[in-house]
Amino acid sequence: MPIYLDNNASTRPLDSVVEAIRPFLETEYANPSSLHRFGQQVRHKVECAREQVAGLISAEPKEILFTSGGTESINLAIRGALAVQPAKRHLLTSAVEHSAVRRLVAQLAREGYQVDEIGVDREGRLNLAELEEKVTEDTALISVIHANNETGVILDAGRVCDIAGRHGICVHLDAVQSTGKVTVDVAQLPVHLLSLSAHKLHGPKGVGALYVRKRTRLVPMTYGGRQERDLRPGTENVPAIIGFGVAAEEAIDPPPERIDSIRHLRDGFEARVQAAIPLAQVIAARADRVCNTSNIGFERLQAEALLILLSERGVYASAGAACSSGSLEPSHVLQAMDIDPKIAHGAIRFSLSRFTTAAEIDRTVRVLVEVIERLSATMAACS
Ligand code: PLP
């Protein structure tokens with residue numbers, strides 16, 4: 001059986017998610033906007049799913065909009081929040097965002113917005129002093145990633161909200177990688193907008209949510225029917241929404257033993273890799289990280305070559321973000337952290353889940369040692 005260590009790219013849907021979806025593909029196919037009883041039964045189930053997703057972040061159900069995933073939530077949040085403040089043309093983000101934010105703000109810069117990217121230190125931690133310094137009268141929005149998809153580093157969202165609060169600025173949090181791994185509680189954390197995605201927490205792909213705090217205004221990006229409070233028109237993807245609800249409920253307050261056991265496997269993996277492979281360097285080892293993510297740089301090796309050899313031996317991991325694999329450039333996240341390019345070029349992200357076992361970690365360490373020995377020998381023979 002292959003070993004799947006690419007859970008930050010996508011996770012295995014839970015059996016309960018798959019079972020919950022099935023009737024909505026087979027028999028419960030009415031449109032939830034239809035007024036007949038069949039449609040209203042489906043509407044009721046969609047609203048139950050909204051309650052489940054709201055529960056995951058301690059929101060109110062009416063503050064949850066269903067979307068097609070993290071990317072759409074992010075686009076609606078950022079563009080929608082900017083459009084209600086047309087006089088303000090400045091936004092702040094970090095240098096380590098996912099491409100969903102990064103490419104959107106690059107487009108906004110082409111459209112005339114002034115965008116400032118706040119730097120991080122060598123452990124991937126946001127420079128909060130720089131964030132505060134860069135705030136201006138013209139700042140409309142701060143959008144930051146909560147848990148980094150490549151390194152797992154958790155940003156101090158509370159302090160970002162403090163800074164934004166002092167200046168009356170709207171905050172969007174990309175919580176796609178943090179929900180289900182750390183507590184995300186909007187009753188405690190005064191963000192205005194927060195993006196979620198189901199397939200990162202054992203739900204289906206192609207469905208996400210945008211949390212919109214009460215009284216936060218947004219302009220829709222698309223026009224059509226009256227669904228999702230007029231902010232996200234189009235017939236709802238009911239099967240996926242139902243699956244998201246179940247996955248969200250399963251992810252609420254994960255038992256500390258589950259988180260601890262993933263962390264224990266991850267930490268043991270890193271310790272053993274470092275002991276066995278002198279070329280290995282754990283990235284952001286000293287930062288506060290989500291329990292499942294390990295990014296390890298193998299000095300002077302190429303991530304692509306390593307990934308292919310690992311994949312041939314049944315170990316599935318990623319180089320940086322899945323979306324950027326295929327490119328030989330070291331990831332912008334590792335560059336922003338000022339990681340030595342000799343290490344960044346050979347950086348592999350291993351991301352675990354509740355399904356990862358100790359036996360899989362044992363085997364991964366053995367395979368990794370073998371693959372690195374082989375690659376190092378090939379390099380020595382060529383030089
Ligand atoms: N934000 C982060 C931090 C992510 O890791 C991802 C997916 O990798 C996204 C946003 C995009 O989410 P989706 O795949 O649901 O569009």
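The values are calculated or read from the model by the stated rules, or taken from the named source; none is laboratory data. On a predicted model such as this, the values are computed, not experimentally measured, just so you know. Virtual Cβ from ideal backbone geometry, glycine too; neighbours counted across all protein chains shown. Areas reflect the complete protein model, heavy atoms only, side chains present, ligands, DNA and RNA absent. Shrake-Rupley method; radii C 1.70, N 1.55, O 1.52, S 1.80 Å.
List of remarks:
- Here the condition is being among the polar types (S, T, N, Q) and more than 27 Å from E19 (Cα to Cα); of T235, T222, it holds for T222 alone.
- Residues located in segment 197-255, provided they are over 19 Å from V186 (Cα atoms), away from the ligand (no atom under 13 Å from the Cβ) and among the charged types (D, E, K, R): R226, E228, R229, D230, R232, E236
- Test: L189 is out of contact with any Ser or Thr (no Cβ under 7 Å at 6 or more places or on another chain), in a loop (DSSP other than H, G, I, E, B) and away from the ligand (no atom under 16 Å from the Cβ): yes
- For first residues located in segment 246-268 and under 14 Å from A358 (Cβ atoms), partners that are modelled with pLDDT of 95 or more and part of a helix (DSSP H, G or I) and lie 6+ apart or on another chain with Cβ distances below 7 Å form the pairs L265/A358; L265/I361; G268/I361.
- Residue check, R229 in a loop (DSSP other than H, G, I, E, B), touching a helix residue (DSSP H, G or I) at 6+ places or on another chain (Cβ under 9 Å), of a type in the set (D, E, K, R) and touching a residue at least 40 places away in the same chain (Cβ under 8 Å): no
- Residue selected from segment 7-25 under the condition open to solvent by 20 Å² or more (accessible area, probe 1.4 Å) and within 17 Å of Y316 (Cβ to Cβ), by the criterion nearest to the chain's Cα centre (by Cα): A9
- Selection count where residues are open to solvent by 60 Å² or more (accessible area, probe 1.4 Å), at pLDDT 95 or above and in a helix (DSSP H, G or I), scope segment 309-340: 2
- If the condition is being part of a helix (DSSP H, G or I) and touching a strand residue (DSSP E or B) at 6+ places or on another chain (Cβ under 6 Å), then segment 270-295 contributes E270, V273, Q274.
- Restricting segment 240-264 to residues that are surrounded by fewer than 20 Cβ atoms within 10 Å (Cβ to Cβ) and among the hydrophobic types (A, V, I, L, M, F, W, C) leaves a set whose member that is farthest from L65 (Cα to Cα) is I259.
- Filtered residues of segment 75-85 (kept if crowded, with 19+ Cβ neighbours inside 10 Å and either assigned to a loop (DSSP other than H, G, I, E, B) or in contact (Cβ under 8 Å) with a residue 60 or more places away in the chain (or both)): N75, L76, A77, I78, G80, A81
- Within segment 171-193, residues that are open to solvent by 40 Å² or more (accessible area, probe 1.4 Å) sit with their Cβ atoms under 6 Å from residues that are outside any loop (DSSP other than H, G, I, E, B) and of a type in the set (V, I, T), at 6+ positions apart or across chains, in these pairs: H192/V171.
- Condition check for L141: of a type in the set (A, V, I, L, M) and away from the ligand (no atom under 11 Å from the Cβ): yes
- Selection of segment 48-69 for residues being assigned to a loop (DSSP other than H, G, I, E, B) and either open to solvent by 50 Å² or more (accessible area, probe 1.4 Å) or outside the structural domain of G180 (by TED's automatic domain parsing) (or both) yields S58, E60, S68.
- Filter result (in contact (Cβ under 8 Å) with a residue 40 or more places away in the chain, assigned to a loop (DSSP other than H, G, I, E, B) and charged (D, E, K, R)) within segment 99-136: D121, R122, E123, R125
- In the set E72, E97, E117, only one residue is open to solvent by less than 10 Å² (accessible area, probe 1.4 Å), under 21 Å from the mean Cα position of the chain (by Cα), within 16 Å of the ligand (Cβ to nearest atom) and not hydroxyl-bearing (S, T, Y); that residue is E97.
- The listed residue being among the basic types (K, R) and either part of a loop (DSSP other than H, G, I, E, B) or not assigned by TED's automatic domain parsing to the domain that holds M221 (or both), out of K88, K45: K88
One line per residue, one yes/no per condition, for (1) at pLDDT 95 or above; (2) outside the structural domain of V120 (by TED's automatic domain parsing); (3) in contact with an Asp or Glu (Cβ under 9 Å, 6 or more places away or on another chain); (4) part of a helix (DSSP H, G or I):
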| site | (1), (2), (3), (4) |
| --- | --- |
| G268 | yes, yes, no, yes |
| G297 | yes, yes, yes, no |
| L307 | yes, yes, no, yes |
| R349 | yes, yes, yes, no |
| F355 | yes, yes, no, no |
